[in-house]
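To start, the structure under review is shown below, and the notes come after it.
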Amino acid sequence: MSLGYALRRIVEEYPLAKLEPPAGHVLAAVIRKGAPDELRRALEPIEGTFLVKGSPGRGTRWAAVPWLAVFDPVVTTSATRGYYLVYLFPADRERVHLSLAQGTVAALREHGPRALEHLRASGGRLRERLSDFAGRLPVTSLSLGTAGELPEGYEAAHILGLSYGLEDLGDEARLRADLALGIEVYRTLKARGGLDGL
């Protein structure tokens with residue numbers, strides 16, 4: 001397997017997988033273990049310590065938007081808070097987004113009904129801190145194709161990133177170069193104060 005193959009498998013198989021229970025499902029195992037293993041392999045040439053996790057959902061429910069994330073443990077170890085690099089799989093299943101994103105759940109808890117507004121505003125200020133990367137990570141807004149607190153939170157929490165069509169996932173060299181760029185931007189944001197002062 002490769003990173004591109006793992007990403008493509010999630011995109012293509014998720015719609016049918018959701019028709020079956022997630023417990024013991026092969027694709028749930030791919031998202032929790034197989035795809036994170038491939039992402040760890042892709043990160044090996046990059047110096048540093050990373051925590052990698054994938055989520056197909058919780059308990060007996062599939063996620064509306066599954067994800068595969070890289071965390072700098074100094075910043076966060078969870079998608080609920082801080083900021084991190086994440087692959088998001090939209091409901092339309094035609095694309096994959098690589099997103100530098102803010103933790104959504106903590107914002108929902110802290111800001112309640114104003115959480116999405118808060119996330120969009122802080123995302124704008126973080127983009128300003130990273131304006132020198134705007135040309136290389138040009139996607140500044142996401143559409144995940146489904147309603148709901150978490151998908152809408154993920155959209156609002158996006159800072160900047162890239163989007164891939166299915167045909168792009170066969171270019172492993174590009175995926176790895178983009179991953180390295182994403183890590184560089186992640187580290188740059190940490191060096192420039194992260195979420196401090198927002």
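Some points to look at:
- Selection count where residues are surrounded by fewer than 23 Cβ atoms within 10 Å (Cβ to Cβ) and assigned to a strand (DSSP E or B), scope the stretch 71-84: 1
- Search result, residues across the stretch 75-89 that are out of contact with any Gly (no Cβ under 9 Å at 6 or more places or on another chain) and without any contact (Cβ under 8 Å) to a residue 60 or more places away in the chain: 77
- Residue satisfying condition, being in a loop (DSSP other than H, G, I, E, B) and either in contact (Cβ under 8 Å) with a residue 60 or more places away in the chain or of a type outside the set (Val, Ile, Thr) (or both), within set 92, 132: 92
- Residue that is surrounded by the most Cβ atoms within 10 Å (Cβ to Cβ) [pool: residues in the stretch 33-70 that are among the charged types (D, E, K, R) and not in a strand (DSSP E or B)]: 38
Where a number appears in this text, it was derived from the coordinates with a stated rule and is not lab data. Not measured: the values here are computed from a predicted model. Using ideal geometry, Cβ is built from the backbone for each residue, glycine included, and neighbour counts are taken over all protein chains shown.
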